[in-house]
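Working notes for the structure below.
The values are calculated or read from the model by the stated rules, or taken from the named source; none is laboratory data. Remember, predicted model here, so these are calculated numbers, not experimental data. As a convention, Cβ positions derive from the backbone with ideal geometry for all residues, glycine included, and neighbour counts pool all protein chains shown. To get the accessible areas, we keep the full protein, side chains included, count just its heavy atoms, and leave off ligands, DNA and RNA. Shrake-Rupley method; radii C 1.70, N 1.55, O 1.52, S 1.80 Å.
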Protein chains: 2
Amino acid sequence: MRYLTSVRYIDAVARIGSIRGAAATLAITSTALNRRILAIEEELGVPIFERLPRGVRLNSAGELLIHYIRHQLSDLERVKSQIADLSGVRRGHVAIACSQALLPYFLPRQIAAYRSEHPQVTFGVHLRDRADAEVALVDHAADLAIVFEPVRLADVHTLLRAPQPVCAVVGERHRLADRAMLRLGECLSHPIALPTQHYGVRHLLEVAVQGTALRLEPAIESDSFEFLRHCVLAESMLTFQIPIGLPEDDDLGRARRIPLDPRDVPAGVLYMGQLKGRVLPVAAARFAGQLSSALASRYEVS
Amino acid sequence: MRYLTSVRYIDAVARIGSIRGAAATLAITSTALNRRILAIEEELGVPIFERLPRGVRLNSAGELLIHYIRHQLSDLERVKSQIADLSGVRRGHVAIACSQALLPYFLPRQIAAYRSEHPQVTFGVHLRDRADAEVALVDHAADLAIVFEPVRLADVHTLLRAPQPVCAVVGERHRLADRAMLRLGECLSHPIALPTQHYGVRHLLEVAVQGTALRLEPAIESDSFEFLRHCVLAESMLTFQIPIGLPEDDDLGRARRIPLDPRDVPAGVLYMGQLKGRVLPVAAARFAGQLSSALASRYEVS
DNA sequence: ATCTATGATGCAAAAAATGCAGCAGATCTC
DNA sequence: GAGATCTGCTGCATTTTTTGCATCATAGAT
């Protein structure tokens, strides 16, 4: 939509933080960009950027404006996809901000399933921690956020809550490999590999050992779930993860997953949310619907 | 905001129903306007107007787009007034669609009061019946609607309900002029002047006489409340009106207002509403607040 | 003190929007 | 049924706007 170039430019400058920098990524001259911004400020009667020696930054008027602009831009996308719907083709783009656990199995399959129905729809998947996922929603950089045990923020509207019991993951030759359920104490008497502090699984475990005689003494600590999973295969270790981050039972290969006794470690909750008050593009709304039923059928939903 | 000219043009064409007609009111050539529309349709990949022999009309894609456009335009007004607020001055415009009863006394005074605080704020007051007032909200032609006993529509969010007991209005020399309250039967034994069928007051009276032996036999019928008020002074008649359409007691001049017994005629309700889901411009929101407290103090609020 | 970023500006070239005159088509009027 | 009168649309010349180049002034980084 050509008539929105100016506001797109403003958005770019606000994100990048300098006119020349934004001009480069927008493939135009800094002159042209600078002049457009001056023109907008002229019409508005107020500057929207404060000029710093190293670039520009939105002032408070600019903050108000950029919210309007981003809303406007993403609403246009929605309207365009609604219009495309009228003519039969479902087009569109779905931007997702989510935590690491969704990346290896769950999302790729869900996206593949959706795209087999609607090949015209494109996807963007961005790894974000809980706080950043919510920021992405507010900035309209993401349509959907899927995070584990989030700090709840005022701007997010929860679409779905899916309980995720913490599971122990072991190699098939591990001494605990054939158990149906495990107490936390049993696990901690073996060498363990844990995700770092700010992950939800780790947080749940920390809370669980608090006030008990148990200690979390990880032999290996990593911020990569994938790395942790491979550790339990390479060495006879044990790690913890939530079901959605693991392949289905029939596809686990040489690994085994065993739920922890809920008396020891309460189930965490996986949240899917969108920006409060926003009307999602058709594609994003439908995809969210698909995820909801997928999660509802795999795990019980509250 | 210059960058929105194209969408403003589309809005005008949609409202007026022809390109040449819209071009005339916009003070540009039909050529320029026509080309802008063709350009937008080109970018969108879909026509938004269907060409009729007598002009143009939005097609379904256009309907989707025009909603977006009007939202966008009125949101911009809100953002601009928020920005103006930052620099101290309160500016803005409040557009009101309301029924006749509000016009003579209530709104002029409230607007005067508001403007004495914020002289930069301008007002538009448009007489609309209940249905049209709601259409005006949906079209973003009005920020606030104030109507009596409305048919409730899905797109309207009620900001305030103010009960309005129906009052009889008589000249000071009328035989009933000194009564504190009147039964409907007493009134109908005198010559009466009534508003026409589709007004709320008339509707309440019609409902009241149904199933009784009473009959509404107006000597005079008019769609002008002002005319009716003057009738009771010129001739010894009696008419009915709601308090908000009447001057305060100390300013009634040669007229008297006497509430009807609520056993005969239930109080009607005056509604103030806005478009559901819309964030009002600062000025409109503040003015709505002022009206709320004014109505709450004059009449009890439910 | 020098260097290297930044945003702003004068001027000429390029691009886009506008206006005029005129076309084709459909309805309305008589 | 023929003409009048609307409608939206298009080719071409003109005007307005936008862009790019070269350059300046400023302020932090080196």
Take A:Ala27 and decide whether it is open to solvent by 20 Å² or more (accessible area, probe 1.4 Å) and more than 10 Å from DNA strand C (Cβ to nearest atom). yes
Among the residues of segment B:81-109 satisfying the criterion of being among the hydroxyl-bearing types (Ser, Thr, Tyr) and within 24 Å of B:Ile146 (Cβ to Cβ), which is farthest from the other protein chains (Cβ to nearest Cβ)? B:Tyr105
Any residue at all in segment A:80-102 that's without any contact (Cβ under 8 Å) to a residue 40 or more places away in the chain, touching a Pro at 6+ places or on another chain (Cβ under 9 Å), away from DNA strand D (no atom under 16 Å from the Cβ) and not basic (Lys, Arg)? no
Matching residues in segment B:125-144 - criterion: being part of a strand (DSSP E or B) and open to solvent by 10 Å² or more (accessible area, probe 1.4 Å): B:Val125, B:His126, B:Leu127
Of the criteria (1) within 23 Å of the chain's Cα centre (by Cα); (2) surrounded by fewer than 18 Cβ atoms within 10 Å (Cβ to Cβ); (3) not assigned by TED's automatic domain parsing to the domain that holds B:Ala142, which one B:Leu246 fails: (2)
Out of the residues in segment B:39-67 that are at pLDDT below 90 and surrounded by fewer than 13 Cβ atoms within 10 Å (Cβ to Cβ), which is nearest to DNA strand C (Cβ to nearest atom)? B:Pro53
Scan of segment A:4-24 for residues that are open to solvent by 30 Å² or more (accessible area, probe 1.4 Å) and within 14 Å of chain B (Cβ to nearest Cβ), ordered by number: A:Thr5, A:Arg8, A:Tyr9
What is the number of the single condition among (1) out of contact with any strand residue (DSSP E or B) (no Cβ under 9 Å at 6 or more places or on another chain); (2) free of Cβ contacts under 8 Å to residues at least 24 places away in the same chain; (3) not in a loop (DSSP other than H, G, I, E, B) that A:Gly253 does not meet? (3)
Within segment A:33-47, the residues that are closer than 28 Å to B:Gly45 by Cα and away from every other protein chain (no Cβ under 14 Å) are A:Leu33
Restricting attention to segment B:48-75, the residues that are within 30 Å of A:Glu63 (Cα to Cα) and either out of contact with any strand residue (DSSP E or B) (no Cβ under 8 Å at 6 or more places or on another chain) or within 9 Å of chain A (Cβ to nearest Cβ) (or both) number exactly 11
For B:Arg78, only one of the following conditions fails: (1) within 10 Å of another protein chain (Cβ to nearest Cβ); (2) open to solvent by 30 Å² or more (accessible area, probe 1.4 Å); (3) more than 24 Å from the chain's Cα centre (by Cα). What is its number? (3)
